[in-house]
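Each remark here refers to the structure printed beneath this line.
The values are calculated or read from the model by the stated rules, or taken from the named source; none is laboratory data. Bear in mind that the values here come from a model prediction, so they are computed numbers and not experimental data. Cβ placement follows ideal geometry from the backbone for every residue including glycine, while neighbour counts extend to all protein chains displayed. For the accessible areas, the whole protein counts, side chains as well, though only heavy atoms, and no ligand, DNA or RNA atoms are used. Shrake-Rupley method; radii C 1.70, N 1.55, O 1.52, S 1.80 Å.
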Amino acid sequence: MTTYLIRRSLQGVLVLIFTSALIYGLLNLTPGGPIGDVLQKPYRTTAERNAAVRAATIRYGLDKDIVTRYLFWLYNWDPTDNNNPVYLQNTYDAAVQEMTGTTDPARKGSLQNIISTYPPLIASANKALATCSNLFDFSSLGSCLGIPRNGGIITGNWGTSWKVATGTPVLNLIFGRGAYTDNSSGVAVPHPSERWRSPLANTLVLMSLSVLISLLIAFPIGVYSAVKQYSATDYALTLFSFFGISMPTFWFGLILYLLLGIQFKTWHDQGASWLPYLPTGGVVDDVSSTAQYSDIGIRIRHLIMPVVVLSLSSVAGWSRFLRASMLEVLRQDYVRTAWAKGLKQRTVILKHALRNALIPQVTLIALAIPVLFGGAIITERIFNYGGMGTLYFNAVGQNDWPLMMSILIISSFLVVISNIIADIAYAIVDPRIRYS
Amino acid sequence: MAVATTLDREQIASAKEESQRSVIWRRFRKHKLAVVGLGIIGTLTLLSLTAQLWTPYDPTVPGFNSGVQAFANPGYSNPSNGDIYIMGTDNIGRDVLSRLAYGGQISLSVGLLCTLLVAIIGTIVGAISGFFGGFVDTVLMRIVDLVLSLPFLPMLLALSIVLGPGYWTIVIILTAFGWPGTSRLVRGSVLSLRNLDFVEATRALGASNTRIITRHLLPNSLAPIIVDATLNVGGFIVAESSVSFLGFGISEPASSWGNILAGLEDVARQAPLQLIWPGLLIFLTVLSINFIGDALRDALDPRLKL
């Protein structure tokens, strides 16, 4: 078993490295890539355009060949460091430009902050740049400017977000550490005192509740419809599971959202005050209130709809699968022997049949974890639930590569781990399985 | 008397001559829901294919725009020119009925095309892997393992951005993620068949590897391939519409059931009932396909006596 686990873990590491290289390589094939919007902006002169493109290219490290960039990403320094003059200049320019268009006072304030504090930073960084000998050698430039070589993702430096929350370390976004400004909504998210605000925790809560509730519902359904095969209830439950498997998550989510979130509130406000309604989005009622993040009542109200939506297809799938494996087990000789011994129905079904029918189920549940993570992207997007799904959705939509890569790596890791867990769990519940 | 004997002979003859196809069809028909599903799929396919002939408006042009609000509820009649929108219009004033019909062409064809490609690639890889075994098998199955251990939906979104959202991007990506499942299935089936006596006999008669695979192994593993392919159609339709719904799939102005729903979501608060149509079409299609797949599984299983 130990040898097997070591071999599987090594395979897992290989898969992760390959996945990351694959994704990194593919991302770099994108025309324009992260500088797509820089390329599309109107410029007065060609020189100005070239300068902007050149600046963005350096800022994102696109002037290096892909292997170097991948290795940088794996273990080297970050082009969006605050010692990088080009990065500082770019942030400043972007702030000046955005200042003319924005009306939101909060955003204006943070832009004003950049505009007033950056010029001296840029000046000193440029002074440092002037002393560097080779301006076009990316690696020596980094050390010359004093940009820390504190490692890439291998050493836990997952880079900083490019677009979703510019300049914020990716891990801070994922773990909900530190204050940052959400670029898509312009909302300044305060420094949290609650660890439960982290998107990772939010998604884990959503996923584990979903698994728990799916199990609690699917198991009785599966056992019941197997024991009462071909009864009216069995037909009804089978039909239900077909419905559940075929229901598109996003449609079901939208219907629930409109019915329980909006229509019920309308009716509630129109006088049916006994009618409860559910919040339509978010993790808590008020994002800026840190106290609400630890208020279990509020959290649960916000979790009900996402959990139901995320659980529907797993309830349907698992109950159907358990029904099939129960039927198979119930036909076997040892179950007939148990009946013949005169054991109680409860004992035969739960102790003799169910225990063996659960063996293949274990694998199914472990393998469902990455599927749930995918489902969470859709569910969180509909209910605007601040988890990894929303974060990933924003990262993909805004070409935020570091964030995107990090979440892809985390979800690949999830797949690898759940595959290994499935194998181990299988060996534990089924003593006939021996790995070598 | 003469009449009776003739009848008997005919009956015997017809019973003997019942082809495999009609046996399957007879068994399939026992699943009433699957037959209904077949009807639904047939109707939807026909309506989508003929969309150019019967849809009232251009699906890409905002025909209705009153200026104040761009969308219209079902049954809206434009007072200025009398245009009637049976299913209303979407967030920017395009006829929902026409968009659904054209969207059906894309959603259904993505499902069918991906299934076809996946079945072809999966069968070829699976057959080669299962039949030849050894090094070829190891390499191919490691690739399969690798693809299966990529996170599906996150990768789908990332790849869609990388390759540029569009019809062929979706087809290529879904195929790339779909074939490993089928090839595993085919490999398993070929592995269980290749050491049977009849294969040995064929080889003794001098049949080539290609002939053994194409004439003997694959026809015998056709049943699971067909069932798998049927269920794949539904899976691909849901996958395409999910990606399009999230905004990374079929991009505007072309319509797919997923991106129509995304467009209608913008006006969900004002016209909530509009949301029913695209989702219902996806749901009905996938439900029908799942019923058909289930019925096919029973109909094609020789061990099952129906």
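For the stretch B:98-116, give me each residue that is among the hydrophobic types (A, V, I, L, M, F, W, C) and either within 30 Å of residue B:61 (Cα to Cα) or surrounded by 19 or more Cβ atoms within 10 Å (Cβ to Cβ) (or both). Scanning the stretch B:98-116 gives B:100, B:101, B:106, B:108, B:110, B:112, B:113, B:114. Applying the criterion of being open to solvent by 30 Å² or more (accessible area, probe 1.4 Å) and among the basic types (Lys, Arg) to the residues of the stretch A:283-330, the residue that is farthest from residue A:250 (Cα to Cα) is A:323.
Of the helices (runs of 4 or more DSSP H) entirely within the stretch A:354-436, those holding at least 3 residues that are farther than 21 Å from residue B:258 by Cβ occupy A:355-383, A:401-429. The residues on offer are B:145, B:137, and the sole one that is of a type in the set (Asp, Glu) and modelled with pLDDT under 90 is B:145. State whether the residues of the stretch B:163-173 include one that is hydrophobic (A, V, I, L, M, F, W, C), closer than 23 Å to residue A:379 by Cα and touching an Asp or Glu at 6+ places or on another chain (Cβ under 7 Å). Checking the stretch B:163-173: at least one residue is hydrophobic (A, V, I, L, M, F, W, C), closer than 23 Å to residue A:379 by Cα and touching an Asp or Glu at 6+ places or on another chain (Cβ under 7 Å). Against the test of being modelled with pLDDT of 90 or more and within 14 Å of chain A (Cβ to nearest Cβ), the options B:121, B:128, B:172, B:161 yield a single qualifying residue, B:172.
Kindly state which helices (runs of 4 or more DSSP H) lie completely within the stretch B:151-205 and contain at least 1 residues that are closer than 30 Å to residue A:26 by Cβ and of a type in the set (Phe, Trp, Tyr). Show your work before the answer.
On the way: elements: B:152-163, B:167-194, B:197-204.
Because the criterion is at least 1 residues that are closer than 30 Å to residue A:26 by Cβ and of a type in the set (Phe, Trp, Tyr), the helices (runs of 4 or more DSSP H) in the stretch B:151-205 that meet it are B:152-163, B:167-194.
Looking across the stretch A:243-265, the residues that are open to solvent by 40 Å² or more (accessible area, probe 1.4 Å) and either more than 10 Å from chain B (Cβ to nearest Cβ) or at positive phi (or both) come down to A:260, A:264, A:265.
Residues are listed down the side, and each one gets a yes or a no for (1) at negative phi; (2) within 14 Å of chain A (Cβ to nearest Cβ); (3) assigned to a helix (DSSP H, G or I):
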site: B:217; (1), (2), (3): yes, no, yes
site: B:230; (1), (2), (3): yes, yes, yes
site: B:242; (1), (2), (3): yes, yes, yes
site: B:252; (1), (2), (3): yes, no, no
site: B:261; (1), (2), (3): yes, yes, yes
site: B:274; (1), (2), (3): yes, yes, yes
site: B:298; (1), (2), (3): yes, yes, yes
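Count, please, the residues in the stretch A:384-399 that happen to be more than 11 Å from chain B (Cβ to nearest Cβ) and at pLDDT below 85. Residues that pass the stated criteria total 1. Confirm whether residue A:311 is within 19 Å of the chain's Cα centre (by Cα) and either in the same structural domain as residue A:352 (by TED's automatic domain parsing) or farther than 15 Å from residue A:229 by Cβ (or both). Spelling it out, residue A:311 is indeed within 19 Å of the chain's Cα centre (by Cα) and either in the same structural domain as residue A:352 (by TED's automatic domain parsing) or farther than 15 Å from residue A:229 by Cβ (or both). Mind counting the residues in the stretch A:367-383 that are within 10 Å of chain B (Cβ to nearest Cβ) and closer than 23 Å to residue A:261 by Cα? Within the stretch A:367-383, residues that are within 10 Å of chain B (Cβ to nearest Cβ) and closer than 23 Å to residue A:261 by Cα number 6.
Could you go through the stretch A:342-355 and let me know if any residue there is of a type in the set (Ser, Thr, Tyr) and either within 30 Å of residue B:153 (Cβ to Cβ) or outside the structural domain of residue A:245 (by TED's automatic domain parsing) (or both).
Step one: list which residues in the stretch A:342-355 are of a type in the set (Ser, Thr, Tyr), which gives A:347.
From the residues that got through so far, the ones that are either within 30 Å of residue B:153 (Cβ to Cβ) or outside the structural domain of residue A:245 (by TED's automatic domain parsing) (or both) too are none.
Looking for residues that are of a type in the set (Ser, Thr, Tyr) and either within 30 Å of residue B:153 (Cβ to Cβ) or outside the structural domain of residue A:245 (by TED's automatic domain parsing) (or both), one finds none in the stretch A:342-355, hence no.
When residue B:107 is tested against (1) hydroxyl-bearing (Ser, Thr, Tyr); (2) within 12 Å of chain A (Cβ to nearest Cβ); (3) over 22 Å from residue B:287 (Cα atoms), only condition (3) is not met.
Of all the residues that make up the stretch B:125-149, how many are within 30 Å of residue A:407 (Cα to Cα), open to solvent by 20 Å² or more (accessible area, probe 1.4 Å) and among the aliphatic types (A, V, I, L, M)? Total satisfying the criteria: 6. The single residue among A:347, A:390 that is more than 25 Å from the chain's Cα centre (by Cα) and β-branched (Val, Ile, Thr) turns out to be A:347.
Scanning the stretch A:175-216 for residues that are crowded, with 21+ Cβ neighbours inside 10 Å and modelled with pLDDT of 80 or more returns A:198, A:199, A:202, A:203, A:206, A:207, A:210, A:214.
For residue A:414, the requirement of being at the interface with chain B (Cβ under 9 Å from one of its Cβ atoms), of a type in the set (A, V, I, L, M, F, W, C), farther than 21 Å from residue A:250 by Cα and open to solvent by 10 Å² or more (accessible area, probe 1.4 Å) is met.
Mind checking whether some residue in the stretch B:77-97 is part of a helix (DSSP H, G or I) and modelled with pLDDT of 90 or more? Reasoning before the result, please.
Restricting attention to the stretch B:77-97, the residues satisfying the condition of being part of a helix (DSSP H, G or I) are B:96-97.
So of that shortlist, the ones also modelled with pLDDT of 90 or more come out as none.
The answer is no; no qualifying residue exists.
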